[in-house]
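Q: Sharing a structure here in structure tokens format.
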Amino acid sequence: MKGVFTSSKVSPGKSVAMIATILLSINAGAFAEVQTPAARAAAASAVPDSPEKTRLLKIVEQCDEAIASNSGNFKAYVDRAHAFFDLGNFALAAEDLSWALQLNPTDGRWFIWRAKCYSKLDKDDLAMADANQAIKMASDSVPAYLTRGDLFVKSKQYSQAIADYTKAISIDGKNAVALTKRAAAYKASGDETDAEKDTQAAAAIAPPPVETTVASTTTGATDDTTKQNASVTIATTDSTTPTSDPATALKTTSINLKEIIFGKFENPEKSVQNLTAAISVSPLDQSLIYKRAQAYIQLGKLDNALNDLMNAIQNNPNNSNLYIARAWLYDTMGNPAMAQQDVTQAHFCNPTLSKDVTLDNIAATHLKKEKSK
């Protein structure tokens, strides 16, 4: 196991940091699996060969080099954790998040993400500790309440789950994910009436999936229901940039902001329908959610787009492009303060982001779009 980082990174006198450090010391030894060649090989072999696998392994390699040259490289640990997560090795992802939290124990997002890793590994006590810590650090964090609610559902504590989902909805009343999750919790607890109310409320925000007969890209379906649910595709023609931020991400400038924020869909309404169907099969695929947000923007449905970007960020909280797009939405919807926070967060997530990416340039992107209509 690696040596523990020095405590000089933690500001003295901050109770939150002290609590976080205690939790880290408890959770750091949660796994026997560490960053060994055997563990790496297992992570790689668990995923079929594909361009995406090659991309993820390249990110791991780049992060290895960055950490070798600077053991305090916070972003490299986070990027490598994301790559391991996508490779399906949640133990290695959780370990990297633990080291990232040693460097920055005051950011609740990483506790949320590590809680998801622990839950995937059925280490639910550790997951609950992280979710509780995230809520202590940010009592208005919708992702934190959703994460803890999911853990309560997993243990069939439906009343506690409903309470957490209700709290998330009180913070963001247009969050279709929270409404859908609460509907499922109500249904599991036997409350069909409230479940139906939430289902209808969620459908009003995000339209339900549409049926399609396009050939499935999912393999291994074992029954007719599975095959029918998996039989979706995305009939879009977009030129959006990749939504991942590897350790050596491309430098985003004001010149290509328009391409990042606005998708190019020949039929955005149909694209929303197809993407919604695809998301019903892969609800955690942030790239699909991001594309649907772009289609909603093209349709002028900004509330729907904002909801999708929030959900995409919950699934991938380290993607600068998502924050850039949401910054434009906030600014367009008359909330420049929140927009500026997202611009700042985008630069934090991607230090290679060009300094000329500012709120002013993001706002100007919209003017260029309007003139091009």
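Read-outs throughout are calculated quantities, based only on the coordinates presented, and are distinct from any laboratory measurement. Remember, predicted model here, so these are calculated numbers, not experimental data. So basically every Cβ, Gly included, is an ideal-geometry build from the backbone, and we count neighbours across all protein chains shown.
Q: Projected onto the charge dipole of segment 254-371 (+1 at Lys/Arg Cβ, -1 at Asp/Glu Cβ, origin at the Cα centre), which of PHE348, ASN318, LEU302 gives the Cα projection farthest towards the positive end?
A: LEU302
Q: Continuing with the same structure: Charges only on Cβ, +1 for Lys and Arg, -1 for Asp and Glu: so what's the dipole of segment 254-371 about the Cα centre, in debye to the nearest 20?
A: Numbers: 11 positive and 11 negative charges, 41 e Å.
Roughly 200 debye for segment 254-371.
Q: Using 0.36 nm times the number of residues separating ALA337 and ASP356, minus their current alpha carbon distance, what extension gain do you get?
A: Extra length available between ALA337 and ASP356 comes to 5.0 nm.
Q: Take peptides 188-197, 269-278 and line them up by average Cβ neighbours within 10 Å, highest first, as a rough protection proxy. Don't jump to the answer; show the numbers that get you there.
A: On the way: 188-197: 13.4, 269-278: 21.1.
In decreasing order of mean packing, 188-197, 269-278 become 269-278, 188-197.
Q: Now a separate question. To make sure I understand, if each residue's beta carbon is the centre and we count other beta carbons within 10 Å, what order do ASP356, ASP86, ASP96 fall in, fewest to most? Working shown, then result.
A: Details: ASP356 13, ASP86 17, ASP96 27.
Listed from fewest to most nearby Cβ atoms, that is ASP356, ASP86, ASP96.
Q: Now a separate question. Hey, fewest Cβ within 10 Å first, where do THR166, THR344, THR365, THR147 land in order?
A: Values: THR166 16, THR344 13, THR365 22, THR147 25.
The order, fewest Cβ neighbours first, is THR344, THR166, THR365, THR147.
Q: Can you grab the distance from the C-alpha centre of segment 289-339 to the C-alpha centre of segment 142-170, Å, no decimals?
A: Comparing the Cα centres of segment 289-339 and segment 142-170, I get a distance of 24 Å.
Q: Still on this structure, I have one more. Where does each of 332-343, 122-133 land if you order them by average Cβ count within 10 Å, highest first?
A: Numbers: 332-343: 16.2, 122-133: 20.3.
By packing density, highest mean first, the sequence is 122-133, 332-343.
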